[in-house]
Amino acid sequence: MSPSQESVFPEYETETSQTSKLMQKFKETPFVPIGMGGFFAVVAYGLYKLKHRGDMKMSLHLIHMRVAAQGFAVGALTCGVLYSMFRDYVVKPKE
């Protein structure tokens with residue numbers, strides 16, 4: 001690219017680290033990492049409790065853990081959508 005040509009995507013060409021990009025995305029959508037963390041916490045708890053499930057069948061235990069993990073992830077995504085709608089339409093930034 002010659003120096004006289006203007007950049008098409010200047011925001012993508014800035015020298016930023018991956019960590020700063022990730023932190024910027026987390027600030028834009030805070031409920032996504034919360035949902036991911038909750039999902040993995042439910043999965044870890046389910047794996048931990050797998051040994052001590054008592055007389056519950058394995059398939060029933062796995063179904064309960066799947067529903068809990070999906071519920072947490074969908075709940076966090078729903079909260080994120082509601083938060084972004086609130087931010088965009090109720091608390092409009094002054095233009």
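Values computed for the structure shown
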item: Tabulated pairs, region 68-87, first of a type outside the set (K, R), second not in a helix (DSSP H, G or I), C-beta under 6 angstrom, 6+ apart or interchain; result: G80/T29
item: Selected residue (criterion: surrounded by the most Cβ atoms within 10 Å (Cβ to Cβ)) from residues of region 56-84 that are among the hydrophobic types (A, V, I, L, M, F, W, C) and over 19 Å from P33 (Cβ atoms); result: M65
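Since every read-out is calculated from the coordinates, none of them should be taken as a lab result. Since this is a predicted model, take the numbers as computed values, not measurements. Note: ideal-geometry Cβ built from the backbone for every residue, glycine included; neighbour counts use all protein chains shown.
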